[in-house]
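To start, the structure itself, in structure tokens.
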Amino acid sequence: DLTVTDDATIGGTLGVTGVLTATSLDISGDIDVDGTTNLDIVDIDGAVNMATTALVTGVLTTTAATVFNGGFASNAGSTITENSGAALEIISTDTGAGGGPRIDWYRNPGQAGTDSDNLAQLNFFGLNDASEKTQYLYLFAEMADVADGSEDVRFGFGGLVGGVDTSLMTFSYGTQATGANPVMVFNEDSKDINFRVESNGNANMLFVDGGNDVVNIGGTTAITTAALT
């Protein structure tokens, strides 16, 4: 073993086959370590260049923005916290006509899909007045039919109406639709929800009264079937 308790300057090569113990070590040149190095605390003032994999079993904390020039892959859930502004910004530098920021949601379980499998879902949470985490709105997409060459989709969004999870709008095709044609359904859960279409000069150009089961044109006064005939 070699123990150094004071300053030591070595102009050539230092060969230590045992343990080198030093209270302080200042190296101005390169370090080449062929074996395993166990460091309790590392304080690096300059840049670090790693040619292979870096394994961090604890928490990796950075005090400045982290730049990934080669992208990154996450094999577990990740959380991004931001006090104000955009928590995540995606920028495309493509100058072509088809360029633009793009997000791919890819369900890949490693085996063939099954009818009605959920493709992806976006959930919107907030706190109610009891400080409870509450899912107010969600958007979803399903594989209605996975048969090769005749795939169908079902998508839509739902949310809370009077504290109850409610289907607000869905678009279906194939076996989950009425007949063979696509169908767009509003208020599939039969809640007292009105549907209103506004024109340039009329706020109720088309008004579906969910509570009274009538369709009004040009106002909110009910038009009966007999009146239309």
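The values are calculated or read from the model by the stated rules, or taken from the named source; none is laboratory data. Note that the coordinates shown come from a computational prediction; the quantities given were computed from them, not determined experimentally. Cβ coordinates were reconstructed from backbone atoms using ideal geometry, including for glycine residues, and neighbour counts include every protein chain displayed. Protein only, heavy atoms only, side chains kept; ligands, DNA and RNA dropped before computing areas. Shrake-Rupley method; radii C 1.70, N 1.55, O 1.52, S 1.80 Å.
Farthest toward the positive end of the dipole of the chain, out of ILE31, SER84, VAL161, is the Cα of VAL161, where the dipole comes from beta carbon charges about the Cα centre.
Residues considered: LEU60, LEU25, LEU160. Largest GNM mean-square fluctuation over the chain, using C-alpha springs under 10 Å, is found at LEU25.
For the chain, modelled as a GNM whose springs connect Cα atoms under 10 angstrom apart, the maximal fluctuation among GLY100, GLY71, GLY85 occurs at GLY71. Note on THR61: accessible area approximately 110 square angstrom, rounded to 10, probe 1.4 Å, nucleic acids and ligands left out. Accessible area per residue for the stretch 35-122, computed on protein heavy atoms with a 1.4 Å probe, is 99 Å². State which stretch of the chain is the longest one without any exposed trypsin sites (Lys or Arg not before Pro), exposure meaning a DSSP loop state and at most 15 other Cβ atoms within 10 Å. The longest uninterrupted stretch comes out as 1-101. Mind checking which of ALA120, ALA130, ALA64 has the largest fluctuation in a GNM of the chain, springs on alpha carbons under 10 Å? Looking only at ALA120, ALA130, ALA64, the largest GNM fluctuation is found for ALA64. Quick note on the chain: its Rg to Rh ratio, both from C-alpha atoms and Rh being the Kirkwood radius, is 1.22. Residue by residue, the stretch 85-101 carries 3J(HN,Hα) couplings of x, 6, 6, 9, 10, 10, 10, 10, 9, 5, 9, x, 5, x, x, x, x Hz when phi is fed to the Karplus relation 6.51 cos²θ - 1.76 cosθ + 1.60 (θ = phi - 60°); x denotes Gly or Pro. Per-residue ellipticity at 222 nm, computed for the chain from helices alone with -39500 (n - 2.57) per DSSP H run of at least four residues, works out to 0 deg cm²/dmol. Volume per residue for the stretch 1-110 equals 248 cubic angstrom (convex hull of Cα atoms).
The heavy atoms of ASP32 offer some 130 square angstrom of accessible surface to a 1.4 angstrom probe. Once the C-beta distance of THR81 and VAL161 is scaled by a Förster radius of 25 Å, the resulting FRET efficiency is 0.25 to the nearest 0.05. Remark: spin-label model distance VAL183-PHE195 equals 1.2 nm, labels positioned 7 Å along the Cα→Cβ axis.
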